[in-house]
């Protein structure tokens with residue numbers, strides 16, 4: 001792990017900051033690898049670090065003693081893990097786990113809290129992102145309650161594709177079933193429908209996006225709402 005002051009591979013939140021604020025944040029950060037399955041924070045446990053993804057993705061999941069963690073939101077290079085620090089809350093409610101390998105800028109929570117007091121641009125950017133993230137959590141709850149598994153699967157694949165920028169997604173049916181909170185057989189049926197429509201291909205734990213436009217049509221309205229929220233986040 002090495003210190004970095006480069007913007008060439010950066011996070012959209014940081015890129016949009018005033019130059020002095022972004023440089024200060026970069027000086028206090030270090031580049032780290034995001035390794036699949038790594039738990040970066042645990043619910044109700046004090047946050048030691050915040051993470052600004054450069055690539056890959058982090059999922060926010062609700063842990064339960066009698067079920068695999070349920071996926072509620074995704075964080076890619078549009079956001080940050082540790083947004084609760086903007087409201088001076090140091091113990092997140094959800095677990096943050098790496099579900100897409102990549103890299104991130106890691107900054108100590110204490111340093112980020114200080115920067116938030118000193119940097120109005122950073123505070124504003126994270127406030128807007130927190131609003132969008134809350135919308136994503138709300139939309140996931142709606143989606144899980146009212147929409148069919150096929151639509152929910154299409155939405156999750158689109159969200160993953162947005163954040164990994166890769167047509168090849170390393171995801172097993174069991175992994176997706178756990179995140180969607182359904183039986184593996186339900187995901188197998190839903191994925192089979194998408195495959196027969198030639199929207200995805202699947203083999204050996206790898207899902208390949210064959211038709212982005214087709215997946216958007218197969219998804220529910222929840223995906224479009226989140227896309228509009230994302231545009232709001234970065235509107236000038």
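No lab work stands behind these numbers, since they all come straight from the coordinates. Note that the coordinates shown come from a computational prediction; the quantities given were computed from them, not determined experimentally. With ideal geometry, Cβ positions are generated from the backbone for all residues, glycine too; neighbour counts draw on all protein chains shown.
The label-point distance for residue 27 and residue 101, in a model that sets each label 7 Å from Cα toward Cβ, rounds to 3.5 nm. For the range 46-131, the calculated P(r) over all alpha carbon pairs, in 5 Å bins from 0 to the bin holding the longest distance, is 3, 14, 24, 26, 19, 9, 3, 1, 0 percent. Simple spin-label estimate for residue 113 and residue 234 gives 3.1 nm between the two label positions (7 Å along the Cα-to-Cβ direction from each Cα).
Under 16 Å from a label point 7 Å along Cα→Cβ of residue 127: give me every residue in the range 63-99 with its amide N that close. Only 83-89 fall inside the zone, counting backbone N under 16 Å. Between residue 184 and residue 48, what is the FRET efficiency for a Förster distance of 35 Å, r being their Cβ-Cβ separation, to the nearest 0.05? The computed FRET efficiency comes out at 0.55.
Computed over the range 148-219, the range of Cα coordinates on each principal axis works out to 26, 21, 19 Å, biggest value leading.
Taking one quarter of the surface of the C-alpha convex hull of the chain gives a mean projected area of 12.4 nm². If you take the Cα centroid of the range 132-211 and the Cα centroid of the range 67-114, the two points sit 22 Å apart.
For Cα pairs less than 8 Å apart in space and 6+ apart in sequence, what is the mean separation divided by the residue count of the chain, i.e. the relative contact order in percent? Intermediate results must be reported in sequence, preceding the final value.
Working: 424 pairs, mean separation 47.4, N = 236.
Relative contact order comes out at 20 percent.
Report note on the peptides 80-89, 48-57: ranked by the mean count of other C-beta atoms within 10 Å, highest first, their order is 48-57, 80-89. When peptides 193-206, 115-128 are ranked by their average number of other Cβ atoms within 10 Å per residue, the highest-first order is 115-128, 193-206.
Placing a pseudo-label 7 Å from each Cα along the Cα-to-Cβ vector at residue 225 and residue 198 gives an inter-label distance of 3.3 nm.
If you plug the beta carbon distance of residue 87 and residue 148 into 1/(1 + (r/R0)^6) with R0 = 35 Å, you get a FRET efficiency near 0.50. Label zone (residue 212, point 7 Å along Cα-to-C-beta; backbone nitrogen cut-off 16 Å) within the range 149-182: 155-169.
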